[in-house]
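K.L.:
There's a structure below that I have some questions on.
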Amino acid sequence: MQKRSLREILLRVIILFIGLTIAHLGVTLFLLADLGADPFNVLIQGIFRRLQGLTGWPVLTHGRVHMTICFLIIVVLLITDRSYIKIGTILCMVCGGPIIDFFTLLLGGLINSGNPFAVRILVLAAGCVILAFGMTIVMKSDSGVGPNDLVAIVISDKLGRAFSVTRIAVDVCFVAAGFLMGGAVGIGTIICAALVGPVAGIFLPHSERIVERILRLCL
């Protein structure tokens, strides 16, 4: 494998950050629609609501809980097998939560549970499509994967099980744990599970071409 120059590494990290921002805009949209989140954010939402109910801390936000849980996942990986952790993984941990908080602050007054149901469904579907596109940009940047995505990857590798089956099992565990702690499970969770994967599959070749074009123009 050809060694990457510092310029290429930095460019790929910038591309990852752009994809991360797009993806978390999508996450924010279906969180604000309040019809059920994606599996990992059902878990985060459940932990956030449980902690908020127990402590009442005004500084507690969904984004900060997201960042904390991602940090804990990375700590576990550092102990068990640090080879999975790349610079993009750290960036996803540090920036994912604040990006959600930023878009929530920006859009929360316009998009919320008070909107008509049809509008919330449209926002949810748009969020899923935006998430899928951002996710594929992150993947094609080839700079690392978010901590939550690494959970299924590591378990699949260590147990020698098919990734698709492992991902479903991990997502079910996320949803179950989040639901028990008060996370929102609803039609949005089902739509997200059914829509994000197939839409990401459509976007992948296009995102690959976009990333390659950016690399060719800038290197």
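The values are calculated or read from the model by the stated rules, or taken from the named source; none is laboratory data. Just so it is clear, the structure is predicted and the values come from calculations on it, not from any experiment. All Cβ positions, even for glycine, are placed from backbone atoms using ideal geometry, and neighbour counts span all protein chains on display. Remember, those area values only see protein heavy atoms, side chains included, never the ligands or the DNA or RNA. Shrake-Rupley method; radii C 1.70, N 1.55, O 1.52, S 1.80 Å.
K.L.:
With a 1.4 Å probe and every protein chain left in place, work out the accessible area per residue of the chain in Å², rounded to a whole number.
P.N.:
Working: 11490 Å² over 219 residues.
Per residue, the chain has an accessible area of 52 Å².
K.L.:
Of all the accessible heavy-atom surface of the chain, with the other protein chains kept in place and a 1.4 Å probe, what percent is carbon and sulfur?
P.N.:
With neighbouring chains kept in place, the figure for the chain is 72 percent.
K.L.:
Turning to a different aspect of this structure: Can you give the calculated 222 nm mean residue ellipticity of the chain, where each DSSP H run of n ≥ 4 adds -39,500 (n - 2.57) and the sum is split over every residue, rounded to the nearest 500 deg cm²/dmol?
P.N.:
Numbers: 8 runs with 173 residues, N = 219.
Computed mean residue ellipticity for the chain: -27500 deg cm²/dmol.
K.L.:
Kyte-Doolittle mean at least 1.6 and Cα extent at least 20 Å along the axis: which DSSP H helices of the chain qualify?
P.N.:
Values: long enough: 6-33 (41 Å, 2.01); 39-55 (24 Å, 0.45); 62-80 (27 Å, 1.92); 87-107 (29 Å, 2.01); 117-141 (36 Å, 2.00); 163-180 (25 Å, 1.75); 187-218 (42 Å, 1.20).
Span-like helices here: 6-33, 62-80, 87-107, 117-141, 163-180.
K.L.:
Related question: Lys158: which aspartates and glutamates have alpha carbons under 17 Å from its alpha carbon, excluding same-chain residues fewer than 8 sequence positions away?
P.N.:
Within reach: Asp81, Asp149.
K.L.:
To two decimal places, what compactness ratio does the chain give when its Cα radius of gyration is scaled by 2.2 N^0.38 Å?
P.N.:
Values: Rg = 17.3 Å, N = 219, 2.2 N^0.38 = 17.1 Å.
That ratio works out to 1.01.
K.L.:
Report the local net charge at Met181: Lys and Arg +1, Asp and Glu -1, summed over other residues whose C-beta lies under 14 Å from its C-beta.
P.N.:
Details: positive: Arg49, Arg50; negative: none.
With Lys, Arg at +1 and Asp, Glu at -1, the neighbours total +2.
K.L.:
Please state the relative contact order of the range 132-217 as a whole percent: Cα pairs under 8 Å, 6+ residues apart? Walk me through the numbers on the way to the answer.
P.N.:
Working: 45 pairs, mean separation 42.5, N = 86.
With pairs under 8 Å counted, the relative contact order is 49 percent.
K.L.:
What do you get when you divide the Cα radius of gyration of the range 1-95 by 2.2 N^0.38 Å, with N the number of residues?
P.N.:
Numbers: Rg = 16.0 Å, N = 95, 2.2 N^0.38 = 12.4 Å.
Compared with the compact-globule rule of thumb, the range 1-95 sits at 1.29.
K.L.:
Please compute, over every Cα-Cα pair in the range 57-178, the percentage with a separation greater than 19 angstrom.
P.N.:
That fraction is 59 percent.
K.L.:
Right, something else. Quote the accessible area belonging to Ile99 in square angstrom, nearest 10, computed with a 1.4 Å probe and with ligands, DNA and RNA left uncounted.
P.N.:
20 Å²
K.L.:
If DNA, RNA and ligands are ignored and the probe is 1.4 Å, what is the ranking of Glu212, Glu8 by accessible area, most exposed first? Can you show the working numbers first?
P.N.:
Numbers: Glu212 80, Glu8 35 Å².
From most exposed to least exposed: Glu212, Glu8.
K.L.:
Quote the FRET efficiency, to the nearest 0.05, computed for Leu180 versus Asp142 with a Förster distance R0 of 45 Å and r equal to the Cβ-Cβ distance.
P.N.:
On the way: r = 36 Å, r/R0 = 0.81.
The computed FRET efficiency comes out at 0.80.
K.L.:
Which residue, Val165, Val185, Val175, has the most motion in a Gaussian network model of the chain that connects Cα atoms within less than 10 Å?
P.N.:
Maximum among the listed residues: Val165.
K.L.:
Might you work out the accessible area of Met139 for me, using a 1.4 Å probe with all protein chains in place, and round it to the nearest 10 Å²?
P.N.:
Counting only protein heavy atoms, Met139 exposes about 100 Å² to solvent.
K.L.:
May I ask for the Rg/Rh ratio of the range 143-219, computed from Cα atoms with Rh as the Kirkwood radius, given to two decimals?
P.N.:
Looking at the range 143-219, the ratio lands at 1.08.
K.L.:
Still on this model: Give the aspartates and glutamates reachable from Lys3 as a straight Cα distance under 18 Å; neighbours fewer than 8 places away on the same chain don't count.
P.N.:
Asp142, Glu212
K.L.:
Now a separate question. Relative contact order (percent) for the chain, with alpha-carbon contacts under 8 angstrom and 6 or more residues of separation? Mind dumping the intermediate values first?
P.N.:
Numbers: 313 pairs, mean separation 85.5, N = 219.
So the answer I get is 39 percent.
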